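Enquirer: Take a look at this one; I'll ask things after.
The values are calculated or read from the model by the stated rules, or taken from the named source; none is laboratory data. Quantities reported herein were computed from a predicted structural model and do not represent experimental measurements. In this analysis, Cβ positions are derived from the backbone assuming ideal geometry, glycine residues included, and neighbour counts consider all displayed protein chains. These area figures cover heavy atoms from the full protein model, side chains too; ligands, DNA and RNA do not enter into them. Shrake-Rupley method; radii C 1.70, N 1.55, O 1.52, S 1.80 Å.
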Amino acid sequence: MSPRQSFQAQAATRVLITDGAFGTEIQNWKLAEADYAGDLGLSHDQKGNNDILVLTKPEVIESIHRAYFEAGADIAETNTFSANVISQADYGAEHLVRAINVESAKLARRLADEFQARDGRPRFVAGAIGPTNKTLSLSPDVNDPGYREIDFDYLKGVYREQIDALLDGGVDFILIETVFDTLNAKAGVMAAIEAGIALGRDVPVMLSMTLTDLSGRNLSGHTVEAFWHAVRHARPLTIGLNCSFGAEQLRPHVKVLSEICDTLIMVYPNAGLPNELGEYDEMPATTAGLVGEWADAGQVNVLGGCCGSTPAHIKAMAERVKGVAPRKVPVAAVRTRLAGLEPFTMAA
């Protein structure tokens, strides 16, 4: 059974759980710059380069994965959100991109297999790919709206390098997350498709959009329905939302996706909204109660946490949805569906 088939089989029986935030968990270790830098001999200050810890402090990343699996997670997302040449250029660590991704994937794979061996319940590894700090849809220069810092083919190549390394390390899926620019996501999708062709096998893609305002649009201006129309051709294993806001604010947008998408829905919101200090105060029981309402309504297949979430949040979610029936994937009517910033469905 392929990873796609195994995941779909599990999702047909229960609401699955993905893991929570890495950044805030890493912060709890109070690491110094020397901890990040290790003995790699890099010329830039490495403090805050969370991805590189798999090479310099792998025990930190392992402990976080373990905590989430012990809390009840079915999926480990690799700690590779910024493990691409664009983001690593800020740290002078572009040459380490492949090593970071391979080692992160191997670490998550080893722990997933370890926990699966304990109880026989399948555990999965999703290779996490962030949006980078560049955008294909918008100009960074207000005086030159046609200017772009990078082009589509370049970003596709950046993603391809990361995806190839993650697959070599043993991930089951490619998770293109925190999508603020739909065109960036499409570059990632194309890279994943090409990687699968090169390997001669199916490379399932998970897609997760982030909203930048309460109207339900991402930074490139697409509504959640338009985003779905723009990426449905990729046959994503899951589609959904992450980061953005807390669960309360995502409620109407989760409902829309649930009704229109003929694939699994995965949502992992922040633990509420940040306070004046940028910290998250929402307690695990509160977050679990809010996302549990989506499960009760049959709107989700996978739940987890983003910024501010902890193993306690993930444990509370797992307990809250235990025994709740998962969302049934609808059969979509055959229509021509197109996307500008708004969705367009051609009448039959």
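Enquirer: Quick one: which residues, 5 or more positions from Glu77 or on another chain, have an amide H under 5 Å from its amide H? H modelled 1.01 Å from N in the peptide plane, none for Pro or chain starts.
Expert: Under 5 Å from the amide H of Glu77: Asp19, Ala126.
Enquirer: Around Lys47, what is the net charge, scoring Lys/Arg as +1 and Asp/Glu as -1 over all other residues with Cβ under 9 Å from its Cβ?
Expert: -3
Enquirer: Also: How big is the accessible area of Val302 in square angstrom, nearest 10, if you roll a 1.4 angstrom probe over the protein chains?
Expert: So the heavy atoms of Val302 present about 0 Å² to solvent.
Enquirer: Can you give the charge dipole size of the stretch 165-224 about its Cα centre, rounded to the nearest 20 debye, using +1 on the beta carbon of Lys and Arg and -1 on the beta carbon of Asp and Glu?
Expert: Dipole of the stretch 165-224, to the nearest 20 debye: 140 debye.
Enquirer: Which whole-Hz ³J(HN,Hα) couplings does the stretch 326-336 yield from phi under the Karplus relation 6.51 cos²θ - 1.76 cosθ + 1.60, θ = phi - 60°, glycine and proline marked x?
Expert: Whole-Hz 3J(HN,Hα) from phi for the stretch 326-336: x, 4, 8, 6, x, 9, 7, 5, 6, 9, 7.
Enquirer: Suppose all protein chains stay in the model; what accessible area per residue would a 1.4 Å probe give for the stretch 34-127, in Å²?
Expert: I get 38 Å² per residue for the stretch 34-127.
Enquirer: Could you tell me which of Asn28, Thr78, Tyr91 has its Cα farthest along the dipole of the stretch 1-108 towards the positive end, charges placed at Cβ (Lys, Arg +1; Asp, Glu -1), taken about the Cα centre?
Expert: Thr78
Enquirer: Rolling a 1.4 angstrom probe over the protein chains, ignoring ligands and nucleic acids, what is the accessible area of Cys261 in square angstrom, nearest 10?
Expert: Accessible surface of Cys261 is approximately 0 Å².
Enquirer: Follow-up. Can you show me the helix-derived [θ] at 222 nm for the chain, built from DSSP H runs with n ≥ 4 at -39,500 (n - 2.57) apiece and divided by the number of residues, rounded to the nearest 500.
Expert: -13000 deg cm²/dmol
Enquirer: Which entry in (i) 17; (ii) 21; (iii) 28 is this structure's computed percent of Cα pairs over 35 Å apart?
Expert: (i)
Enquirer: Turning to a different aspect of this structure: What residues of the stretch 39-70 lie in the reach of a label at Asn28, counting those whose backbone N is under 15 Å from a point 7 Å from the Cα along Cα→Cβ?
Expert: 60-70
Enquirer: Give me the extension gain from Asp45 to Glu293: residue separation times 0.36 nm, minus the current Cα-Cα distance, reported in nm with one decimal.
Expert: Result for the pair: 84.9 nm of gain on full extension.
Enquirer: Right, here's the next one. Kindly state, as a whole number, the per residue volume in cubic angstrom of the convex hull around the alpha carbon atoms of the stretch 92-189.
Expert: Convex hull of Cα atoms, per residue: 99 Å³.
Enquirer: Next question. Can you give me the distance in nm between label points at Ser63 and Lys322, each placed 7 Å from the Cα along the Cα-to-Cβ direction?
Expert: Simple spin-label model gives 2.7 nm for this pair.
Enquirer: Might you work out the accessible area of Ile193 for me, using a 1.4 Å probe with all protein chains in place, and round it to the nearest 10 Å²?
Expert: Accessible surface of Ile193 is approximately 70 Å².
Enquirer: Could you tell me which residue out of Leu257, Gly298, Leu237 lies farthest along the dipole of the stretch 230-318 toward its positive end? Charges go on the beta carbon: Lys and Arg +1, Asp and Glu -1, centred on the Cα centre.
Expert: After comparing all options, I get Leu237.
Enquirer: Taking DSSP loops as anything outside H, G, I, E and B, show the longest stretch in the chain free of trypsin sites (Lys or Arg not before Pro) there with at most 14 other beta carbons within 10 Å.
Expert: The reported range is 48-200.
Enquirer: On to the next question. Taking the Cα centre of the stretch 5-149 as the origin, how large is its charge dipole in debye, to the nearest 20, when only Lys and Arg (+1) and Asp and Glu (-1) carry charge on their Cβ atoms?
Expert: Charge dipole, the stretch 5-149, about its Cα centre: 520 debye, nearest 20.
Enquirer: Between the stretch 153-181 and the stretch 312-345, how many Å separate their Cα centres?
Expert: The stretch 153-181 and the stretch 312-345 have Cα centres separated by 23 Å.
Enquirer: Here's a follow-up. Accessible area of the chain with a 1.4 Å probe: how many percent of it is carbon plus sulfur?
Expert: Roughly 54 percent of what the probe reaches on the chain is carbon or sulfur.
Enquirer: How high is the relative contact order of the chain, in percent, with contacts defined as C-alpha pairs under 8 Å that are six or more residues apart?
Expert: With pairs under 8 Å counted, the relative contact order is 18 percent.
Enquirer: Could you work out the local net charge near Glu94, counting Lys and Arg as +1, Asp and Glu as -1, over the other residues with Cβ closer than 13 Å to its Cβ?
Expert: So the surrounding residues net to -2.
Enquirer: A further question follows. Suppose each label sits 7 Å from its Cα in the direction of the beta carbon; what would the Asp153-His233 distance come out to in nanometres?
Expert: Taking the two extended label points, one gets 1.8 nm.
Enquirer: Still on this structure: Just how large is the dipole of the chain about the Cα centre, in debye to the nearest 20, putting +1 at every Lys and Arg Cβ and -1 at every Asp and Glu Cβ?
Expert: 1360
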